[in-house]
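The numbers here are math on the coordinates, done by the rules we state, and not lab data. Since the model is a prediction, treat every value here as computed from it, not as a measurement. Every residue, glycine as well, gets a Cβ built from its backbone with ideal geometry; the counts of neighbours run over all protein chains shown.
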Amino acid sequence: MTYQATIDDFAKTIEGNGAPWAAIDAESAARMQVQNRFPTGLDIARYTAGIMREDMEAYDADPAQYTQSLGCWHGFIAQQKMISIKKHFGSTKRRYLYLSGWMVAALRSEFGPLPDQSMHEKTSVSGLIGEIYTFLKQADARELGMMFHELDAAKERGDEVEAKRIKSAIDNHETHVVPIIADIDAGFGNAEATYLLAKKMIEAGACALQIENQVSDEKQCGHQDGKVTVPHEDFLQKIRAIRYAFLELGVPEGIIVARTDSLGAGLTKQIAYSKEPGDLGDQYNAFLDAEEVDPANVTNGQVFISRDGKLLSPKRLPSNLYQFRAGTGVDRVVLDCVTALQNGADLLWIETEKPHVDQIGSMVDRIREEVPNAKLVYNNSPSFNWTLNFRQQVYDAWQEAGKDVSPYERDRLMSVDYDETELGIEADEKIRTFQADAAKRAGIFHHLITLPTYHTAALSTDNLAKRYFGEQGMLGYVEQVQRREIREGIACVKHQNMAGSDIGDDHKEYFAGEAALKAGGKDNTMNQFAAA
């Protein structure tokens, strides 16, 4: 419905209710409705799921059409990101948000900072999703509110052409609301617990949930040691639970991202159930590090499995965990991914120890032998030392090609001494094109950085503290923050406006008319930024 049609519709409703509604203004009511395009989280989930499905089809047709996101730990951070994207690129197309369980644990738990081990309150995840969308909806309301003021000014001038243009812009306004890929960790419990949490996350607005194949109560960060995986059937139960949650809530297009940590996980908590040789449980158990048993030398507490007619004993650690055979990580990843896609997952996430296009691509090649349209979400993680990794990759490639690497020391390639060298420049170019290269070669549909705003907040705060508490004093803030905000067009330089003061003034005028006590008068110091 267009802006004008919404006004006309409200006018009929108000007129139909007679004198008691006479003070209600149809255009004001229309403005409030237009500013709140998504009344519920489920409206958001359905809308954003449709966006992701369209983007996945576009990627299948052309791998250059990959998508990206940055991890956010607060609604304001997400809001400023999307405002920035619209300012610089004119559209939010193919740009999402990522909600990291790591950052929820580190920054949003009532226990204080926690490691990424699913110890934080599970509802803090759905709470953050709701918070993010509240801020994104407020960004819509703010932007549309400014357009309404421009429309009023055009009407006062009698400029019908400009008024028509602004009405068209209102009708075609692009929302700041974009898909969130939300981290549900390992489900925070069994399949029922996964289902219940998935519902909360979907109701808050999430259209895509990422779940990993680690043991829920042993969960570790994907880039730390000590990871423990579960048999496939246990993981598939949780994938089904999430799909049931999407279906129950009327979001059948919802996206499930199945993450495998098997590349870096050398342990399992249990032996898989197997009915017959070659079934999924048997394939999982085949990766166990086991020794043939002499029945005469059975020791206390040993566990046994049968393989190829032999009695074997899997290696059992004092932690009561079982060990996989070394070198089986890639095979386990491939089996994990194929199985997940064949049982309802939409996208894959392979957690790796380094960003290497060919390493990822070689695994995807094998997966696509079974599922040709397999697509990945990939963590461009700050846990990787990108500079060192890519300089080493270039060094190794040069060495293999017979190129002289004598000017470089491989063990100290991180040094600033190499920043402007041929090797350093080539490595930086490979970092720059990594996402496009991996989208084409390795089937990566979505690139994300899990923790970027965690690091940028720390870096910018360090720079401000160093200057403000040092010799620069107030100039440390003005020169490095406010002056740059003004000159670079950062919206929140007008922080009262960003916090919703002008929206509140509009509402006061709707509710009270001439009696409205508005904050945005001539004595508001924000007027000093009118030209900013």
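Give me the Kirkwood hydrodynamic radius of the stretch 1-103 in Å, from all C-alpha pairs, to one decimal place?
So the Kirkwood estimate lands at 17.0 Å.
At each listed q (0.15, 0.19, 0.25, 0.27 Å⁻¹), what is the log10 of I(q)/I(0) that the Debye formula gives for the stretch 466-532 modelled as equal alpha-carbon point scatterers?
Normalising to I(0) and taking log10 leaves -0.61, -0.80, -1.04, -1.11.
May I ask you to sort F445, F111, F38 by Cβ crowding, counting other Cβ atoms within 10 Å and putting the fewest first?
F111, F38, F445
Which order, highest average first, do 384-391, 506-513, 331-338 follow once you tally other Cβ atoms within 10 Å for each residue and take the mean per peptide?
Going from most to least packed, we get 331-338, 384-391, 506-513.
Would you kindly derive the ³J(HN,Hα) couplings of the stretch 99-112 from the backbone phi angles with the Karplus curve 6.51 cos²θ - 1.76 cosθ + 1.60 (θ = phi - 60°), listing them in order in whole Hz, with x for Gly and Pro?
10, 8, x, 4, 6, 4, 5, 6, 10, 10, 7, 5, 6, x
Between the alpha-carbon centers of the stretch 348-393 and the stretch 265-298, tell me the distance in whole angstrom.
A separation of 28 Å, based on Cα centres.
For the chain, build the charge dipole from Cβ charges (+1 Lys, Arg; -1 Asp, Glu) around the Cα centre, then report which of F287, Y195, Q210 sits farthest towards its positive end.
So the residue we want is Y195.
About the Cα centre, and with charges only on the beta carbon of Lys, Arg (+1) and Asp, Glu (-1), how big is the dipole of the chain? Nearest 20 debye, please.
So the dipole magnitude of the chain works out to roughly 520 debye.
Work through the residues other than V416 whose Cβ is under 14 Å from its Cβ and net out their charges, Lys, Arg +1 and Asp, Glu -1.
Its environment carries a net charge of -3.
Tell me the angle of helix 452-468 to the major Cα principal axis of the chain, expressed in degrees between 0 and 90 and rounded to the nearest ten.
60
Let's see if you can work this out: charge +1 on each Lys and Arg Cβ, -1 on each Asp and Glu Cβ, no other charges. What is the dipole magnitude of the stretch 476-516 about its Cα centre, in debye to the nearest 20?
280
Would you compute, for the Cα atoms of the chain, the largest minus smallest coordinate along each principal axis and list the three values in descending order, in whole Å?
Principal-axis extents of the chain (Cα, largest first): 97, 63, 46 Å.
What is the packing order of peptides 408-419, 257-268, 202-213, taking the mean over residues of other C-beta atoms within 10 Å and listing the highest first?
202-213, 257-268, 408-419
In the stretch 93-137, which GluC sites (Glu not before Pro) are in a loop and have at most 12 other Cβ atoms within 10 Å, using DSSP for the loop call?
E110
Please compare each pair in K87/K430; K122/K238; K466/K494 to a cut-off of 23 Å on the Cα-Cα distance and tell me which ones are over it.
K87/K430; K466/K494
Which of H149, H446, H173, H232 comes first, and how do the rest follow, when ranked by fewest Cβ neighbours within 10 Å?
By the 10 Å Cβ count, ascending: H149, H173, H232, H446.
Please list, in chain and number order, the residues 5+ apart from L376 or on another chain whose amide H is under 5 Å from its amide H, with Hs placed from the backbone.
Sorted by chain and number, the residues that satisfy this are L348, I444, F445, H446.
From the backbone phi of the stretch 270-285, what are the Karplus-calculated ³J(HN,Hα) couplings (6.51 cos²θ - 1.76 cosθ + 1.60, θ = phi - 60°) in whole Hz, Gly and Pro given as x?
My calculation for the stretch 270-285 gives 8, 7, 6, 6, 9, 8, 8, x, x, 6, 4, x, 5, 5, 5, 5 Hz in order.
Under a point-charge model restricted to the Cβ atoms of Lys and Arg (+1) and Asp and Glu (-1), what is the dipole moment magnitude of the stretch 340-468 relative to its Cα centre, in debye to the nearest 20?
In total the dipole reaches around 440 debye.
Could you list which residues have their amide H under 5 Å from that of A186, counting only those 5 or more apart in sequence or on another chain, with H placed in the peptide plane?
For A186, whose amide H was placed from the backbone, the distant partners under 5 Å are E212.
Can you tell me which of 471-481, 449-459 comes out highest on packing, and rank the rest after it, using the mean Cβ neighbours within 10 Å?
449-459, 471-481
Lys/Arg Cβ at +1, Asp/Glu Cβ at -1, dipole of the stretch 296-354 taken about the Cα centre: which of L335, A296, G309 is farthest positive-ward?
My answer, from the dipole projection, is A296.
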